[in-house]
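Scroll down for the structure; my scribbles are underneath it.
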Amino acid sequence: MTLNLCVLTPNRIIWDSEVAEIILVTNSGQIGVLPNHAPIATAVDIGILRIRCPANDNDGWLTMALMGGFARIGNNEVTILVNDAEKASDIDPQEAQQTLEIAEANLSKAQGKRQTIEANLALRRARTLVEAVSGVPS
């Protein structure tokens with residue numbers, strides 16, 4: 001049995017196909033979703049979506065960087081609407097690392113509450129991109 005997973009941004013469809021299982025990062029922690037999961041709607045945090053495709057049962061997981069949004073789960077359908085998302089395979093590791101370094105520098109230079117909040121948000125996004133390509137939390 002499988003789930004239909006659809007990951008959407010305001011500009012494009014990132015993913016739309018059958019999956020065996022997902023692990024989704026929400027504002028209250030990670031949740032695993034298997035077929036016949038109880039219906040829920042939840043906020044999606046900045047973080048990694050892990051996807052196990054039916055053909056990949058023993059081959060591991062695919063990863064995707066999500067930049068916050070909402071998810072609806074029910075009737076073996078998972079719809080995730082996020083501000084932005086990137087498949088790990090589409091992320092340039094060197095560019096992600098440079099973005100992380102810039103975000104860290106900007107946070108250390110931030111002045112005032114607003115700049116600090118914006119710099120922290122940019123740092124979380126950059127760390128998510130690095131984690132997506134490396135598979136290891138940064």
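The values are calculated or read from the model by the stated rules, or taken from the named source; none is laboratory data. Bear in mind that the values here come from a model prediction, so they are computed numbers and not experimental data. Ideal geometry is used to build each Cβ from the backbone, glycine not excepted, and the neighbour counts take in all protein chains shown.
To keep it simple, each residue is scored yes or no on (1) surrounded by 12 or more Cβ atoms within 10 Å (Cβ to Cβ); (2) not in a loop (DSSP other than H, G, I, E, B).
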{"position": "Asn36", "(1), (2)": "no, no"}
{"position": "Gly47", "(1), (2)": "yes, yes"}
{"position": "Met64", "(1), (2)": "yes, yes"}
{"position": "Phe70", "(1), (2)": "yes, yes"}
{"position": "Ile80", "(1), (2)": "yes, yes"}
{"position": "Leu100", "(1), (2)": "yes, yes"}
{"position": "Ile117", "(1), (2)": "no, yes"}
So which residues in segment 48-104 are more than 14 Å from the chain's Cα centre (by Cα) and under 15 Å from Leu121 (Cβ atoms)?
-> Thr99, Leu100, Ile102, Ala103, Glu104
Which numbered condition trips up Gly32, out of (1) under 20 Å from Arg127 (Cα atoms); (2) in contact with a strand residue (DSSP E or B) (Cβ under 8 Å, 6 or more places away or on another chain); (3) surrounded by fewer than 19 Cβ atoms within 10 Å (Cβ to Cβ)?
-> (1)
Does Ala96 satisfy being outside the structural domain of Ile13 (by TED's automatic domain parsing), in a helix (DSSP H, G or I) and either within 24 Å of Ile23 (Cβ to Cβ) or among the basic types (Lys, Arg) (or both)?
-> yes
Would you tally the residues in segment 34-47 being hydrophobic (A, V, I, L, M, F, W, C) and either within 11 Å of the chain's Cα centre (by Cα) or within 17 Å of Gly135 (Cα to Cα) (or both)?
-> 2
